[in-house]
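Input: a single structure, listed below in structure tokens.
The values are calculated or read from the model by the stated rules, or taken from the named source; none is laboratory data. Note that the structure is predicted; figures quoted are calculated from it, not measured. Every residue, glycine among them, receives a Cβ derived from its backbone with ideal geometry; neighbour counts consider all protein chains shown.
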Amino acid sequence: MIVVFAPDSFKGSLSAVDVCASWARGLRRIWPDVDLRCCPMADGGEGTLDVLLTATGGERHRMAVTGASGDARDAEWGMFRHPASGASVGLIEVAQAVPLTDAAGTRLPIERRSSAGVGELIRAALDSGIRNLAIGLGGSSTNDGGAGLLGALGARWLDQQGAPLDPVPFDLRNAQTLDLSMLDPRLAESSIEILSDVSNPLCGPSGATYVFGPQKGLLLEKAAALDAALAHMGAIAEAAFGRCVCDLPGSGAAGGLGFALRLLGGVMCSGASTVAELNGLANALKDADWMITGEGRTDSQTLGGKAPAIAARMGREAGVPVTLISGSVDRASLPALNALFERGCFSPCLGPERLENAMANAAEWLTDAAEQVARVFAVRCK
């Protein structure tokens, strides 16, 4: 048996690498000599840095940055050589600087949080001589349209009197201009690849504030004001850069960081497809008998380009049957999911469980789940 593992992380409990290890223990209970090919996945969000540095043998750098709350926090960025071009690539994961899991950041009202730390990571990569940047969006606690990121790279938001403003939505309601005279000139000679699975625009009913704000603690009654603040600062930024990107797909990713990076000339890419290219998933699928993928929760949004969907589509193209094992599978989405994950969708939870209990026991339960689906697959192979 040749089996390919291509999971995303199970956020808050296991990394994609750890998920592979759990599944491996389960399958070896059935096939002790199974040939396992592990291709941990990510889609630009949490875990992208670890997955890509592991796949490429890249370097990890640690530094202090400004968190969403304005307090200092430790964050990492990476550098790797692209296996095809040989170019040095600076890898930034937004969730390293302004993660949704940062208690200090999420205690602050969302309209006062800043993405400045992401800009500081970019600046560190530029300081190292890197001019090719790959920036993974996802898992951010901010919703500032990337104003903080731009501020950390030298842009200045000014009020009607020309006085500088803090680059947070609450203050930027009073912004009149965006001064780019001190914007880091190295950005003009850099390429920026934006890794994301999000197609939302910056503003409006399907934009960053209304769709993702509630996940970050935004109260519904404050959504209209915050969305208006982003629309206001977005119009000013577009005028300054001479680019209209507010309504483009992906501009609403990571609280509008996609918007700011597009203003800087960034190009949107499928995060999961980029990871699959760099971790060698296509080669791993050659002659394989089966593939297992999964994530913390799977629903209809998965089909929009999240890691399990990209992995499954590649498996189907290679003629390899695909099974999904996710921490939670949305029952209403099963008809659509079954069309992609042809060998079934499974959860390791055998009965009603508290979320904390499921996360604490994820490694053991995923091992058991992998064993059970292997038993079914083994019967089919006889």
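In segment 293-311, is there at least one residue being closer than 26 Å to Val89 by Cβ, surrounded by fewer than 16 Cβ atoms within 10 Å (Cβ to Cβ) and out of contact with any strand residue (DSSP E or B) (no Cβ under 9 Å at 6 or more places or on another chain)? So far as segment 293-311 goes, yes, one or more of its residues are closer than 26 Å to Val89 by Cβ, surrounded by fewer than 16 Cβ atoms within 10 Å (Cβ to Cβ) and out of contact with any strand residue (DSSP E or B) (no Cβ under 9 Å at 6 or more places or on another chain). Taking helices (runs of 4 or more DSSP H) as the structural unit, those lying wholly within segment 58-174 and holding at least 3 residues that are in contact with a strand residue (DSSP E or B) (Cβ under 7 Å, 6 or more places away or on another chain) correspond to 94-97, 116-127. Criterion applied to Ile130, Ile135, Ile192 was being at pLDDT 95 or above, within 17 Å of the chain's Cα centre (by Cα) and surrounded by fewer than 23 Cβ atoms within 10 Å (Cβ to Cβ), and the one residue passing it is Ile192. Within segment 135-189, being touching a helix residue (DSSP H, G or I) at 6+ places or on another chain (Cβ under 7 Å) and either of a type in the set (Asp, Glu) or at positive phi (or both) holds for Gly138, Gly139, Asp144, Gly145, Gly146, Asp184. Residues that are modelled with pLDDT of 95 or more and either not in a helix (DSSP H, G or I) or not small (Gly, Ala, Ser) (or both) were ranked within segment 299-315; the one that is nearest to Pro7 (Cα to Cα) is Pro308.
Taking the conditions (1) in contact with a Ser or Thr (Cβ under 8 Å, 6 or more places away or on another chain); (2) surrounded by fewer than 22 Cβ atoms within 10 Å (Cβ to Cβ); (3) basic (Lys, Arg) in turn, Arg113 satisfies each one other than (2). Return a yes/no flag: does segment 24-37 have any residue that is within 30 Å of Ile122 (Cβ to Cβ) and either in contact with an Asp or Glu (Cβ under 7 Å, 6 or more places away or on another chain) or surrounded by fewer than 24 Cβ atoms within 10 Å (Cβ to Cβ) (or both). Taking every residue of segment 24-37 in turn, none turns out to be within 30 Å of Ile122 (Cβ to Cβ) and either in contact with an Asp or Glu (Cβ under 7 Å, 6 or more places away or on another chain) or surrounded by fewer than 24 Cβ atoms within 10 Å (Cβ to Cβ) (or both).
The number of residues in segment 233-251 being within 10 Å of Leu202 (Cβ to Cβ) and either among the β-branched types (Val, Ile, Thr) or part of a loop (DSSP other than H, G, I, E, B) (or both) comes to 6. Being in a helix (DSSP H, G or I) and touching a Pro at 6+ places or on another chain (Cβ under 7 Å) holds for only one residue in Leu230, Leu257, and it is Leu230. Step by step: first the residues of segment 351-366, then only those that are touching a residue at least 12 places away in the same chain (Cβ under 8 Å) and either out of contact with any Ser or Thr (no Cβ under 6 Å at 6 or more places or on another chain) or over 14 Å from Leu324 (Cα atoms) (or both), then the one that is surrounded by the most Cβ atoms within 10 Å (Cβ to Cβ). Which residue is that? For segment 351-366, the residue satisfying everything is Trp365. Remark: pairs (first residue in segment 72-101, without any contact (Cβ under 8 Å) to a residue 12 or more places away in the chain; second residue exposed (fewer than 14 other Cβ atoms within 10 Å of the Cβ) and not in a loop (DSSP other than H, G, I, E, B); Cβ separation under 7 Å; 6+ apart in sequence or on different chains) = Ala72/Ala64.
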